[in-house]
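The values are calculated or read from the model by the stated rules, or taken from the named source; none is laboratory data. As the structure is a prediction and not an experimental result, all values here were calculated from the model. Cβ placement follows ideal geometry from the backbone for every residue including glycine, while neighbour counts extend to all protein chains displayed.
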Amino acid sequence: MPEGHTLHRLAIDLTDAFGGSVVAASSPQGQGRFEDGAAQLDGRELIAADAWGKHLFVRFAGTELVLHVHLGLYGKLRIAGADVLPDPVGQVRLRLVTTDRSDGRVTWADLRGATACELLTPEERDALVARLGPDPLREGADADPDRAWARIGRSRKSVAALLMEQDVVAGIGNVYRAELLFRHRVDPFREGRSMRVGRWQEMWADLVELMHLGVAVNRIETVRPEHEAAARAAAKQYEGGRRRRSGLSYVYRRDGQPCLVCGTQVRTEVLVARNLFWCPRCQPRFRSRAQR
DNA sequence: CTTCAATGTGCAG
DNA sequence: TGCACCTTGAAGT
């Protein structure tokens with residue numbers, strides 16, 4: 001689940017659900033790992049949440065400390081409402097609860113499996129954000145593609161590796177990386193410095209759109225309308241009746257299957273400890289002038 | 001039933 | 001470079 005779109009969506013949903021309300025904070029099954037933190041937040045008004053890349057920050061009234069959450073690979077923050085508060089399931093590191101004064105209904109958020117759940121001073125938060133690159137989902141100067149280009153355009157590392165580095169672009173994960181490179185027919189293995197700035201500007205603009213769509217539908221969707229039918233048919237065949245949870249994709253997790261555009265088998269290879277997926281025909285090996 | 005891989009990252013060696 | 005983190009669902013036996 002968690003690439004940047006997930007955290008921005010959670011920031012919106014948390015603010016909608018709890019913003020302006022006093023919350024009860026607890027760490028029910030947190031193995032003691034966030035009990036002190038939860039106690040510091042308990043009974044405070046939640047002001048608002050925001051995200052930068054894959055990091056979520058939540059501000060509370062009456063304290064400078066900021067709640068910082070990073071979901072890692074499989075963390076989840078689930079927000080729900082009901083008449084009665086259910087018992088926590090699994091290792092709930094943090095639970096936030098607010099009760100509606102008029103009808104007594106409760107809204108709660110349960111955090112499980114997160115890599116980070118901690119309270120940061122404003123200085124610590126700023127230091128963390130300072131280590132992150134521009135975020136396509138933020139506004140104005142926080143989403144400056146030139147900052148990313150300053151890194152990419154001079155690097156001998158592959159574009160595929162660079163796109164995963166959070167200090168180059170904050171919020172891209174393995175799915176957006178593979179899909180963005182495919183959509184722009186870019187060879188994942190070409191050096192960053194072999195790219196032209198115009199190409200990067202196109203990729204960035206596309207990424208901004210894709211990730212905003214991801215926030216809106218709460219899912220990564222990257223397939224263009226003209227390929228949707230083929231993508232759906234391919235997914236259906238592959239699923240064999242199972243229910244599909246993730247969005248349609250061109251190449252992500254489609255290794256061995258025919259490319260939706262050209263029919264060539266999609267390939268995969270481990271690059272910097274992550275599975276990279278690409279179409280060798282749509283994204284042919286880039287050869288520099290010197291290599292030709 | 002058990003095992004493994006996953007949309008991620010930090011740290012040990 | 002590989003593991004730990006510690007959850008979920010798919011895949012294997």
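Being part of a strand (DSSP E or B), basic (Lys, Arg) and either surrounded by 12 or more Cβ atoms within 10 Å (Cβ to Cβ) or within 16 Å of DNA strand B (Cβ to nearest atom) (or both), is that true of even one residue in the range A:36-52?
Checking the range A:36-52: not a single residue is part of a strand (DSSP E or B), basic (Lys, Arg) and either surrounded by 12 or more Cβ atoms within 10 Å (Cβ to Cβ) or within 16 Å of DNA strand B (Cβ to nearest atom) (or both).
Would you please name the residue that is farthest from A:Leu73 (Cα to Cα), looking only at residues in the range A:125-163 that are acidic (Asp, Glu) and in contact (Cβ under 8 Å) with a residue 12 or more places away in the chain?
To start, the set of residues in the range A:125-163 that are acidic (Asp, Glu) comprises A:126, A:135, A:139, A:142, A:144, A:146.
With in contact (Cβ under 8 Å) with a residue 12 or more places away in the chain added as a condition, the list becomes A:135, A:142.
On the way: A:Asp135: 19, A:Asp142: 24 Å.
The residue in question is A:Asp142.
Which of the residues spanning the range A:118-136 are closer than 20 Å to A:Gly173 by Cα and in contact with a strand residue (DSSP E or B) (Cβ under 7 Å, 6 or more places away or on another chain)?
Those that are closer than 20 Å to A:Gly173 by Cα and in contact with a strand residue (DSSP E or B) (Cβ under 7 Å, 6 or more places away or on another chain): A:Leu128, A:Val129, A:Leu132, A:Asp135.
Would it be correct to say that A:Leu7 is closer than 16 Å to A:Leu120 by Cα and crowded, with 22+ Cβ neighbours inside 10 Å?
Values: closer than 16 Å to A:Leu120 by Cα: no; crowded, with 22+ Cβ neighbours inside 10 Å: yes.
So A:Leu7 does not fit the description; no.
What tally of residues in the range A:138-147 results from selecting those that are within 16 Å of A:Asp50 (Cα to Cα) and touching a Phe, Trp or Tyr at 6+ places or on another chain (Cβ under 9 Å)?
Here the count works out to 3.
What residue, among those in the range A:90-136 that are β-branched (Val, Ile, Thr) and not in a loop (DSSP other than H, G, I, E, B), is farthest from DNA strand B (Cβ to nearest atom)?
Across the range A:90-136, the extreme among qualifying residues is A:Thr99.
May I ask you to say which residue of A:Gly43, A:Gly37 is on the phi > 0 side of the Ramachandran plot and either more than 16 Å from DNA strand C (Cβ to nearest atom) or out of contact with any Cys (no Cβ under 6 Å at 6 or more places or on another chain) (or both)?
So the residue among A:Gly43, A:Gly37 that is on the phi > 0 side of the Ramachandran plot and either more than 16 Å from DNA strand C (Cβ to nearest atom) or out of contact with any Cys (no Cβ under 6 Å at 6 or more places or on another chain) (or both) is A:Gly43.
Does A:Gly32 satisfy being away from DNA strand B (no atom under 16 Å from the Cβ), small (Gly, Ala, Ser) and either in contact with a Pro (Cβ under 6 Å, 6 or more places away or on another chain) or modelled with pLDDT under 95 (or both)? Explain how you work it out, then say what you get.
Numbers: away from DNA strand B (no atom under 16 Å from the Cβ): yes; small (Gly, Ala, Ser): yes; either in contact with a Pro (Cβ under 6 Å, 6 or more places away or on another chain) or modelled with pLDDT under 95 (or both): yes.
When the stated conditions are applied, A:Gly32 passes them.
Starting from residues that are surrounded by 15 or more Cβ atoms within 10 Å (Cβ to Cβ) and of a type in the set (Asp, Glu), keep the ones in the range A:137-153 and report whichever is nearest to A:Val197 (Cα to Cα).
The selected residue is A:Asp144.
Collect the residues in the range A:166-190 that are surrounded by 17 or more Cβ atoms within 10 Å (Cβ to Cβ) and either touching a Lys or Arg at 6+ places or on another chain (Cβ under 6 Å) or on the phi > 0 side of the Ramachandran plot (or both), keeping them in residue-number order.
Listed by number, the residues that qualify are A:Val168, A:Gly171, A:Asn174, A:Asp187.
Pull out all pairs, ordered by first then second residue, where Cβ-Cβ is under 6 Å, the residues are six or more apart or on different chains, the first lies in the range A:111-122 and is in contact (Cβ under 8 Å) with a residue 40 or more places away in the chain, and the second is assigned to a loop (DSSP other than H, G, I, E, B).
These pairs meet every condition: A:Gly113/A:Tyr74; A:Gly113/A:Gly75; A:Ala114/A:Leu71; A:Ala114/A:Gly75; A:Thr115/A:Gly72; A:Cys117/A:Phe34; A:Leu119/A:Leu65; A:Pro122/A:Glu64.
Yes or no, residue by residue, for (1) under 22 Å from the mean Cα position of the chain (by Cα); (2) of a type in the set (S, T, N, Q); (3) closer than 18 Å to A:Arg33 by Cβ:
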| residue | (1), (2), (3) |
| --- | --- |
| A:Gly72 | yes, no, yes |
| A:Leu94 | yes, no, yes |
| A:Thr98 | no, yes, no |
| A:Gly104 | no, no, no |
| A:Ala116 | yes, no, yes |
| A:Pro122 | no, no, no |
| A:Leu128 | yes, no, no |
